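First the structure, in the form of structure tokens, and then the observations on it.
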Amino acid sequence: MLADRTGLEITEEDLHSEGLLRDDMAQDLGVREWRDLLAPVTRFVEQRADQPVDREAAADYRIAAVTRAGLLEPSPPVMALDAEPRDMRERFLDSEIVAVYW
């Protein structure tokens, strides 16, 4: 997916021949571990494209690819917050404006 974004065509065979794809990936890895494992793939794409890859885009594509492969659970959607918080008392700051003249 990252290669497609940069306009390259890189096959799984290319990644296997470079030693960048493995079939024995553990499924209980976290985001940091995936970043470390897939960093060489990002560098490979950068070398092939002869340009740096935007790190935020690389992170987005990395998470999407790992999730699509079924190796990372997608994060649950964020619940909408109630308009009125429960059991919250309003607090007011009692203040006065003081003008100082020289």
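Full extension of the chain between Ala99 and Leu21 yields a length gain of 21.1 nm, computed as 0.36 nm times the residue separation minus the alpha carbon distance.
Packing-based ranking of 35-45, 8-18 yields 35-45, 8-18, ordered from highest to lowest mean Cβ neighbour count within 10 Å. Normalised radius of gyration (Cα atoms, divided by 2.2 N^0.38 Å) for segment 2-68: 1.07.
Read-outs: derived from the displayed coordinates by stated rules, not from any lab. It should be emphasised that the depicted structure is a prediction, and the values quoted were computed from it without experimental measurement. Heads up, the Cβs are rebuilt from the backbone with ideal geometry, glycines too, and the neighbour counts pull from every protein chain shown.
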